[in-house]
Structure formats: C-alpha cells, structure tokens
Amino acid sequence: MNYFVHPSGLCESETVGEGTRIWAFAHVLPGARIGTDCNICDHVFIENDVILGDRVTVKCGVQLWDGLRVGDDVFIGPNATFTNDRFPRSKQYPEAFSVTRIEHHASIGANATILPGLTIGQYAMVGAGSVVTHSVPPYAIVVGNPGRIVGYATNHAAVTPEPHAPHMGSSTVTGVRGVQLREFPIFEDMRGALTVGNFAGEVPFAPNRYFMVFAVPSKDVRGEHAHKICEQFLICVRGRVRVVADDGKARQEFLLDGPQRGLYLPAMTWASQYAYSADAVLLVFASHAYDADDYVRDYSAFLALVSEQDKLR
C-alpha cells in the first residue's frame, strides 16, 4: 500500500490515495473514495458513498455519511456532524440520500452541524458549534444557531468610512478590478441636507433601470451573482449594508451607510450584500434593462468566465 493504516484502524476501501494516513479506530467502508495526502484521525467513520478530495483533514470523532462530497484542502473539525436524511425513521430509508457538498478549501469548525443537501462554498468558514440550515456562499463566515453570515474572507482590508469623513466629492482606490467607492458632496443648512452626483461623471454610466431593496432580515444575503455586461451603482439611501465585491482574484468588503456614498460595480464583478440594518434601503442603478441571461449565478461558472476573459486580454 502507498498509504498508511494504523494497526487499530480498519480500511476496507481500495480507493485511497498516496500518502493518506488513517489512524486508530477509524473505519472506512469499501465504497468510499479518499484522495491523496488526507489525514483521517482517530474514531472517524466513513460510509460507502463518500468522496474525499486531496489533502483533506478529518479530525477525531467525525462520521461521514452516504452522499457527502468533499473537495480538496478541506478541514473538518472534531465531532462535526453531517446528516443526509431530513426525515429519518428507524428501518425506513429514502430512495436516495441527500448529497451534501463541501467545496475546495472550506473549513468546518468543531461540533458544527450541517443539515442534508447543502453546499458549503469554497473557502467558506463554518464556526465551531454552528448549526448550518442553508447553503453557505463561497468565502462566507458563518456562526451561530441557526448559522448566520457574519463576514467574508477577503484578501484586502474592509473599507469602512471614517466617522467624521469630510463631505467632499472623492473616489477611493479599491483592491478589486474596476470597483470604485465614491463620496458625494453634501450641502447642509437649516433647511436640511442635499447630496448630488452626475451620471457619466461620478456615476460612470447612464442608467436604464433602477431598483430598491428594503425590509431585508439582517440574516439574509442578497446578490450572490455577477453580470456579463450590466454595470451597477449602489447607494444605501437609508440605514447601512455591507457589500463584498469579487473580481475572481481579489475580494474586498465595503460599508455603505449613507446617501453620500456610492459603490460602482463594473460588469463581471461578483457581488454579495449582507448585514442589512432593519431600516436599510439600498438603491441600485443599472446600465441595462433586466435580462435573465445576463446573470451569472454559479461562482464556479463566474471563475471560468473570468479566466476566459483574462486569456483574451
């Protein structure tokens, strides 16, 4: 064998990759498929219809049930619990068990519970003890019971405006290709306040459509898609909301918390909005009319399109 099984471990599968280590009191059933350089720790049970990618770590006390698909470089913490039947009954089995997917580089914290049929997106982080009842987007950080998104893993510092930032027209350089954070001037006197921006100037396109998002429960995430040709400009005219912009290589988070601040999202920018305040009203200007075919709703498909466009540049 080109993999290691502890004398007190039991591996019945012959589909185990080179360099994998299976430790004491672990039990791997015959149909399981395990990639290279995995680390299967003590007291782990792996059922038949389970696929693990390469370099997966499964810590002690974890059971991996039929229907689980795990990508490369995934970390599964001690005593994490996976489920594959929403309505379990003794001696009653579904025609097929739900498929749960843990995508590349995701991490599942200790004692977390993952309900059946969900997808944990790539690079997502599920906190210890969380109960995950809905699929988790790529790069999202989820904690609590039920699990809620509290942030995103980004490779640039979040852009949060200074509490007493000057009310002047300006633009902030961001770490995401083409994304601009604009500060509009504010004019105030005893009659109230006014802020203004020019289309094709501060807003770099003439809009064909607008829509507003409001009354969003704070636990819900909006967006989670990109547009092939449509550009967007976001202004939170009331309350606050956090926006994560992603160009396929870099991600950055922005706080929109007033009508004097806008965020420009060029085409082929993956965007997510979360942490809406209860009173938040998000105004979005769009460069094109609604077209369902313009949406890219699958993150893997988005990355593939970005790669194709980069080759043409």
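Quick one: is Phe233 out of contact with any helix residue (DSSP H, G or I) (no Cβ under 6 Å at 6 or more places or on another chain) and within 24 Å of Ala140 (Cα to Cα)? Yes: the conditions hold for Phe233. Residues in segment 137-160 include at least one that is of a type in the set (Lys, Arg) and over 28 Å from His43 (Cβ atoms). Condition first: in a strand (DSSP E or B), out of contact with any Phe, Trp or Tyr (no Cβ under 8 Å at 6 or more places or on another chain) and not basic (Lys, Arg). Can you find one or more residues in segment 198-212 that meet it? Yes, segment 198-212 contains at least one residue that is in a strand (DSSP E or B), out of contact with any Phe, Trp or Tyr (no Cβ under 8 Å at 6 or more places or on another chain) and not basic (Lys, Arg).
Can we say Asp37 is open to solvent by less than 50 Å² (accessible area, probe 1.4 Å) and either β-branched (Val, Ile, Thr) or assigned to a loop (DSSP other than H, G, I, E, B) (or both)? Judged against the criteria, Asp37 is not a match. Counting the residues of segment 19-34 that are in a loop (DSSP other than H, G, I, E, B) and either under 31 Å from the mean Cα position of the chain (by Cα) or surrounded by 18 or more Cβ atoms within 10 Å (Cβ to Cβ) (or both) gives 6. Check segment 94-109 and report whether any residue there is aliphatic (A, V, I, L, M) and either at positive phi or in contact with a Pro (Cβ under 7 Å, 6 or more places away or on another chain) (or both). So far as segment 94-109 goes, no, none of its residues is aliphatic (A, V, I, L, M) and either at positive phi or in contact with a Pro (Cβ under 7 Å, 6 or more places away or on another chain) (or both).
Taken over segment 91-133, the criterion of being modelled with pLDDT under 95, open to solvent by less than 50 Å² (accessible area, probe 1.4 Å) and closer than 16 Å to Leu64 by Cα is satisfied by Ser98 alone.
The values are calculated or read from the model by the stated rules, or taken from the named source; none is laboratory data. Remember, predicted model here, so these are calculated numbers, not experimental data. We place every Cβ from the backbone using ideal geometry, glycine too, and count neighbours over all the protein chains shown. For accessibility, only protein heavy atoms count, side chains too; no ligands or nucleic acids. Shrake-Rupley method; radii C 1.70, N 1.55, O 1.52, S 1.80 Å.
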